[in-house]
1. Which residues, counting only those in the range 1-27, are more than 20 Å from ILE87 (Cβ to Cβ) and at pLDDT 60 or above?
2. What number of residues within the range 79-89 are closer than 16 Å to ILE43 by Cα and either near the ligand (Cβ under 9 Å from one of its atoms) or hydroxyl-bearing (Ser, Thr, Tyr) (or both)?
3. Counting only residues that are surrounded by 14 or more Cβ atoms within 10 Å (Cβ to Cβ) and more than 14 Å from the chain's Cα centre (by Cα), give me the helices (runs of 4 or more DSSP H) lying completely in the range 67-186 with at least 3 of them.
4. Can you pull out the residues in the range 191-222 that are of a type in the set (Lys, Arg) and over 16 Å from the mean Cα position of the chain (by Cα)?
5. Anything in the range 207-242 that is of a type in the set (Gly, Ala, Ser) and either within 14 Å of the ligand (Cβ to nearest atom) or under 19 Å from ASP150 (Cα atoms) (or both)? List them, or say none.
6. Would you check which residues across the range 90-121 are of a type in the set (A, V, I, L, M, F, W, C), under 20 Å from VAL145 (Cα atoms) and more than 13 Å from the ligand (Cβ to nearest atom) and list them?
7. Which of the residues belonging to the range 218-244 are over 16 Å from ALA41 (Cβ atoms) and in contact (Cβ under 8 Å) with a residue 12 or more places away in the chain?
Amino acid sequence: MSLRTAAAALPSRNAAAVPVREFAFSDLDFRTLAQLAYDHAGIVLSESKRNLVYSRLSRRLRGLGLSSFQAYREYLADNTVEIEGFINSISTNHTKFFRESHHFDHLRQHVALGFAKSMAGRGGGRLRVWSAGCSSGEEPYTIAVVIKRDIAEIRRHDVRILATDIDTEVVGRAARGEFAEGALADIPAPYRGYFDSGSARQSVVARDDIRSLITFKPLNLMKPWPFSGLFDAIFCRNVMIYFDHATKMALVDRFAQQLKPGGWLYIGHSETLTGESRMLELVGRTIYRRKT
Ligand SMILES: C[S@@+](CC[C@H](N)C(=O)[O-])C[C@H]1O[C@@H](n2cnc3c(N)ncnc32)[C@H](O)[C@@H]1O
C-alpha cells in the first residue's frame, strides 16, 4: 500500500475528534447542562468532562426513551423533578471505608477519646458529627465504628452522625448499610465485627447499633441547611473539588459557623483552602479547627 493510500485509509483528524455518538450532543447541549449543574449544585463541569457527561446522561436518555440531548433539555425544562435524576447521573460518588485514614486516627484521638475522657464515666453527653457529601455511606459508617469503639455505653449519651448528599440514589443505598463483602478489606480488623453477613450474596451489612447512630438525608450543600445545632466535627471530603474557588470559600465559611468553637473540619487530601476562613486554623494535614 502506498503512503498516500495508507493515509487515506486512516480516519481524518476531524473524524477522530468527533466521536460517533448514539445521541446528538451539541455545544449548546453541553453548555446548557453544565450551567444547570453549576446553578443547582455548584458543580463545575469543565470542557474536559464533556465525554463523561455524555456517557452518564446517555443512560438517562435511554431510560426516559428520549432520542436527543435537545429533547432531554426540553424534558428537564418541563419536569422540575428531573433535576434530581440529572444530578444523580452526573455526580461522582467514588468513596471507600477508612479513606484517608489519618482523619480517623485524629477523630479517634480528639473526638471519640476526648469525649469519653471528658465524660469520665458519666452519661448525658452530646456529640454531633456531620458527613457532608457522604456518597454511598462508607464515610459515615467509618465515623460510626470509630466513635462506637471508644465510647462505652454509647446509649447513655446523645451521639448522632448526620450523613447527607445531594444524590438521592446514593443516600438511599447508604441508609440500607449493605456493602460488597470485598469492602471489608478496607476496614481495619478491630472494626470488622461491626458488620454482619448481608442478605445479598457476598455482602456485609452494618450492625443495627451502628446504623442507628446515623441519620441519612438528601441535602444540597448550596441550599439553606435545616439544622440549628452546632457540630463537634464536620467531614466534607472530596466534594469541594467539584466547586470553584468562590463557592468553596463560601461553603467553608458556612461550615465554620456550623462548628462548635474548637470543632474540627476534615477536607479531602487533594483540596486546599487558600485564603482560609477567618474562623478556622489549619492544625494538621487537611484538618482545620474552629478558633475559640
Ligand atoms: C467523591 S464523593 C465523596 C464521598 C466521601 N465524602 C469521600 O470522601 O469518600 C462526592 C460526593 O459529593 C456529592 N455532592 C456533589 N455536589 C454536592 C452538593 N452540592 N451538595 C451535596 N453533595 C454534593 C456527590 O453527590 C458525591 O456523592
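1. Narrowing the range 1-27 to residues more than 20 Å from ILE87 (Cβ to Cβ): 1-22, 24, 26-27.
If the condition is that a residue be more than 20 Å from ILE87 (Cβ to Cβ) and at pLDDT 60 or above, then ALA17, VAL18, PRO19, VAL20, ARG21, GLU22, ALA24, SER26, ASP27 are the ones that fit.
2. Residues meeting the conditions: 3.
3. Values: elements: 69-78, 82-90, 102-106, 113-119, 138-150, 168-176.
Output list reads 69-78, 82-90, 102-106, 113-119, 138-150.
4. So the first thing to find is which residues in the range 191-222 are of a type in the set (Lys, Arg), and the list is 192, 201, 207, 211, 217.
Result: ARG192, ARG201, ARG207, ARG211.
5. Filtering the range 207-242 down to residues of a type in the set (Gly, Ala, Ser) leaves 212, 228-229, 233.
SER212, ALA233, listed by residue number.
6. At the first step, the residues of the range 90-121 found to be of a type in the set (A, V, I, L, M, F, W, C) are 90, 97-98, 104, 107, 111-113, 115-116, 119-120.
Still in the running and under 20 Å from VAL145 (Cα atoms): 97-98, 104, 107, 111-113, 115-116, 119.
Within the range 90-121, LEU107, VAL111, ALA112, LEU113, PHE115, ALA116, MET119 meet the criteria.
7. Of the residues in the range 218-244, the ones over 16 Å from ALA41 (Cβ atoms) are 226-235, 237.
Result: PHE227, GLY229, LEU230, PHE231, ASP232, ALA233, ILE234, PHE235, ARG237.
The values are calculated or read from the model by the stated rules, or taken from the named source; none is laboratory data. Treat the numbers as computed from the prediction; the structure is a model and nothing was measured. Note: ideal-geometry Cβ built from the backbone for every residue, glycine included; neighbour counts use all protein chains shown.
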